[in-house]
1. Filter region 32-62 down to residues that are within 30 Å of His373 (Cβ to Cβ) and part of a helix (DSSP H, G or I), then give me how many there are.
2. Please go through region 79-97 and give me each residue that is at pLDDT 95 or above and buried (at least 17 other Cβ atoms within 10 Å of the Cβ), ordered by number.
3. When you go through Leu149, Leu122, Leu169 one by one, which is the residue that is under 28 Å from Ile68 (Cα atoms), surrounded by 15 or more Cβ atoms within 10 Å (Cβ to Cβ) and among the hydrophobic types (A, V, I, L, M, F, W, C)?
4. What about Arg35, is it touching a residue at least 40 places away in the same chain (Cβ under 8 Å), touching a His at 6+ places or on another chain (Cβ under 8 Å) and surrounded by fewer than 16 Cβ atoms within 10 Å (Cβ to Cβ)?
5. Step by step: first the residues of region 222-251, then only those that are aliphatic (A, V, I, L, M) and either in contact with a His (Cβ under 7 Å, 6 or more places away or on another chain) or crowded, with 16+ Cβ neighbours inside 10 Å (or both), then the one that is farthest from His134 (Cα to Cα). Which residue is that?
6. Given (1) of a type in the set (Val, Ile, Thr); (2) part of a loop (DSSP other than H, G, I, E, B); (3) modelled with pLDDT of 95 or more, where does Val329 come up short, assuming only one miss?
7. Exactly one of (1) part of a helix (DSSP H, G or I); (2) free of Cβ contacts under 8 Å to residues at least 60 places away in the same chain; (3) among the small types (Gly, Ala, Ser) is unmet by Gly239. Its number?
Amino acid sequence: MTGKCFLIAFIVAFGAAVVIRLALAVLNIRRLRERGAEIPRGFEDAVDGAVLSRMRAYTVDSSRFGAIAALLDNGFLLLILLSGLLPWHCRLVESFNWPFIVSGLLFMAGPAAAGFLLNLPLDLYDTFVIERRHGFSTITAKLWITDLLKGLVISSVLIGGLLAILLALVRYAGPSWWLWAWLALAVFQLVLLWLAPVVIAPLFNTFKPIDSKDVSERLTALMEKAGLKSRGVYSMDAGKRSAKKNAYFTGLGRSKRIVLFDTLLSSQTADEIAAILAHEIGHWKRKHLLKQLIIMEAISLVLFYAASRLLDWDTLFTAFGFTEKPAYVGLFLLSVLAQPLFFLIRPAASAMGRRFEAEADDYVRRLEGTTIHLATALKKLARDNLANLHPHPLYAWYHSSHPPLVERVARLEREF
């Protein structure tokens with residue numbers, strides 16, 4: 001295949017993915033406008049016309065903005081791929097004759113920095129206009145800037161360090177570099193899962209034992225009943241950034257912990273909080289995180305092997321205007337070419353997520369004896385977070401890692 005034919009094939013595949021995602025967003029918004037005023041069966045006690053109107057307005061605003069942001073992001077990616085900027089950037093980097101790893105990091109830093117600058121105004125608008133318009137964003141400009149700088153430093157260190165290791169393996173590990181690179185990535189992910197709750201997360205939020213002794217004892221007893229050990233139940237000061245409510249189970253090994261948003265604690269009963277925790281325990285007991293890791297690592301192994309076979313392919317470079325074949329350029333181009341592949345596997349990942357959510361819901365009844373408290377908790381979360389109660393079936397099939405709320409609540413209420 002010539003470089004020109006390959007480039008045309010890539011543009012067609014890339015464009016098709018963009019158009020389909022945009023079409024799904026349009027379908028979702030249109031369905032919401034048509035049915036968004038209907039109170040779903042089972043939600044009569046949780047929402048009214050005024051709340052539905054707010055739900056509809058928020059989903060339309062955020063979905064429209066998300067579609068525009070995605071178009072800009074994809075358009076920017078095509079621009080740097082097709083304009084000749086990348087070959088120019090590569091020649092500039094190589095003109096300094098720095099070591100291979102340094103040159104590779106600088107080359108990859110160029111598109112990353114440009115994308116970062118492109119997304120800055122988009123993030124600002126999303127945070128301080130859309131989220132604030134609908135009553136969610138509580139973050140100050142000072143905290144937003146602090147978060148931005150912290151995130152930039154941490155991501156630069158972590159991603160830069162990982163890329164340096166991968167580039168070193170490509171350069172010095174011989175034909176089997178792809179296997180060593182896969183192992184390095186797997187170890188990196190496991191270490192990050194272990195460190196994130198106890199090292200990285202506290203850099204952004206304050207975690208402390210929850211104030212309510214009754215809730216804390218209830219949750220600890222629930223953990224013991226499930227046979228899980230945790231380093232504790234914590235409240236996180238999420239309210240200083242957003243009024244949205246959530247809870248999660250995080251960590252690996254001794255770093256496992258239960259985290260509840262302070263906004264959640266103020267709006268849910270002890271029974272409802274326990275039901276939410278029971279659901280998270282269900283994920284752990286059914287080994288969903290482990291299964292996801294195994295699947296991710298299997299896909300990564302295949303992708304690294306494919307990269308090793310394609311990294312020296314002339315057409316990969318000539319299609320995008322490169323006359324030389326630095327390995328770091330090949331790795332960058334292959335990461336871009338993988339995007340249509342991720343588009344194809346997204347529905348399968350979403351379906352797996354929905355299955356895991358249903359299994360975790362089932363575990364709640366096993367642990368608590370009833371799912372009615374989880375149903376009422378989800379209704380409150382839907383109301384408070386202005387969730388979309390009328391997603392288009394095709395949109396939900398493609399994007400949603402959780403079952404549609406109306407179907408999920410109906411199932412929970414049948415089960416209790």
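The values are calculated or read from the model by the stated rules, or taken from the named source; none is laboratory data. Source: prediction; values computed, not measured. Every residue, glycine among them, receives a Cβ derived from its backbone with ideal geometry; neighbour counts consider all protein chains shown.
1. Residues that pass the stated criteria total 14.
2. Leu86, His89, Cys90, Val93
3. Values: Leu149 fails: surrounded by 15 or more Cβ atoms within 10 Å (Cβ to Cβ); Leu169 fails: under 28 Å from Ile68 (Cα atoms).
After ruling out the rest, the residue left standing is Leu122.
4. It is true that Arg35 is touching a residue at least 40 places away in the same chain (Cβ under 8 Å), touching a His at 6+ places or on another chain (Cβ under 8 Å) and surrounded by fewer than 16 Cβ atoms within 10 Å (Cβ to Cβ).
5. In the first step, residues of region 222-251 are kept if they are aliphatic (A, V, I, L, M); the result is 222-223, 226, 228, 233, 236, 238, 243, 247.
With the extra rule that they be either in contact with a His (Cβ under 7 Å, 6 or more places away or on another chain) or crowded, with 16+ Cβ neighbours inside 10 Å (or both), the set shrinks to 222-223, 226, 233, 236, 238, 243, 247.
On the way: Leu222: 35, Met223: 36, Ala226: 39, Val233: 30, Met236: 22, Ala238: 17, Ala243: 10, Ala247: 21 Å.
Filtering region 222-251 for residues that are aliphatic (A, V, I, L, M) and either in contact with a His (Cβ under 7 Å, 6 or more places away or on another chain) or crowded, with 16+ Cβ neighbours inside 10 Å (or both), the one farthest from His134 (Cα to Cα) comes out as Ala226.
6. For Val329, the failing item is (2).
7. Result: Gly239 fails condition (2) only.
Results for (1) free of Cβ contacts under 8 Å to residues at least 60 places away in the same chain; (2) out of contact with any Lys or Arg (no Cβ under 6 Å at 6 or more places or on another chain); (3) within 30 Å of Arg309 (Cα to Cα), shown as yes or no for each residue.
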| position | (1), (2), (3) |
| --- | --- |
| Gly330 | yes, yes, yes |
| Leu341 | yes, yes, yes |
| Ala348 | yes, yes, yes |
| Phe356 | no, yes, no |
| Gly369 | yes, yes, no |
| Asn385 | no, no, no |
| Ala396 | yes, yes, no |
| Ser401 | yes, yes, no |
| Ala410 | no, yes, no |
